Structures are given as C-alpha cells and as structure tokens.
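Notes to accompany the following structure.
The values are calculated or read from the model by the stated rules, or taken from the named source; none is laboratory data. As the structure is a computational prediction, the values presented were derived from the model and not from experiment. Reconstructed Cβ throughout: ideal geometry from the backbone, glycine too, with neighbour counts over all protein chains shown. Heavy atoms of the whole protein, side chains included, go into the accessibility calculation; ligands, DNA and RNA do not. Shrake-Rupley method; radii C 1.70, N 1.55, O 1.52, S 1.80 Å.
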Amino acid sequence: QSDLAILRQVKGVGPVLLATLAAHLPELGRLDGKAIAKLVGVAPLARDSGSMRGTRSIWGGRASVRQALYMGALVAVRFNPHMRTFYQRLRAQGKVAKVALVAAMRKLLVILNAKMRDQMAAAAAT
C-alpha cells in the first residue's frame, strides 16, 4: 500500500478510493489507459450491428471500483482545477451531466494509472 500513497496527491482520491483500488484493482499501473478503463467498466463500448449505430455506453467491469471512482470524480470536478475545466468544457458542448461525469471518471482513472506506472518505474530503477 505504500506504493499507492502517491495517489493521495490527486484531489478526489480519498481513503475509500485508495482502499478500493488497493483491494480490487491490482492491475493499476501495469496496463495502458484504454485497457484499465475497459477493465473497470468506464470505457464507452459500441452496440452496433450491421448498419445500425447505437449509442455508446459503459457496462461490465468491476462495479466496486466504478462506484468508488464515481465519488472520487465527483470531488475532483469540484476541487481539481484541471478536472473542473474538463467537465465544464464537456457540459458546454451539450453533454448530459452524468455523461460528462463518467468521462471525468475515466480521465481520473487514467491519471491514477499513469501516476502508478511512473511510481513503479522509478522504484524499479533504484
């Protein structure tokens, strides 16, 4: 868990999200951004068939991580300036609030994954 302590620097990551990531997402830092997003279930997946084009939605994945990530993203869009501008830009483009929040969840997860990857690379180099 000492490796995960670096994630506390990100606004929106609290003790519950940190514990959930430690318990239910051991792959954090070992996969690329798209793969980790799909594993958690925050990647937009297509429901297309033939010439029919459905709307993209999220489904599958690890629900417990997704639930904790939802609360973390909710805090992040309020207190993290980078995430707030991202969320507000999506809302200004006409996205529904929940869709914009799910996009913020994915962005937060990719940021945490990259921080963890960099931390692991630095630890391996020493």
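List of remarks:
- Folded to 0 to 90 degrees: helix 15-24 orientation relative to the chain principal axis, Cα: 80
- Degrees, to the nearest 10: 97-125 long Cα axis against longest axis of the chain: 30
- For the stretch 73-115, projected area of the alpha-carbon convex hull averaged over all directions, nm²: 2.7
- A straight chain from Glu27 to Asp3 at 0.36 nm per residue would run longer than the Cα-Cα distance by 7.3 nm.
- Taking 7 Å steps out from each Cα toward its Cβ at Gln88 and Ala125 produces label points 3.5 nm apart.
- Rg/Rh ratio calculated on Cα atoms of the stretch 38-119 (Kirkwood radius): 1.01
- Structure-based [θ]222 nm, the chain - -39500 (n - 2.57) summed over DSSP H runs of at least 4, per residue, nearest 500: -20000 deg cm²/dmol
- With 10 Å bins from 0: P(r) over the stretch 45-88, alpha-carbon pairs, percent: 24, 29, 32, 14, 1
- Rounded tilt (10° steps) of 63-79 against the dominant C-alpha axis of the chain: 90
- Mean accessible surface per residue for the stretch 49-100, computed with a 1.4 Å probe while every protein chain stays in place, in Å²: 69
- Accessible-area composition of the stretch 32-126, carbon plus sulfur, in percent [1.4 Å probe]: 58
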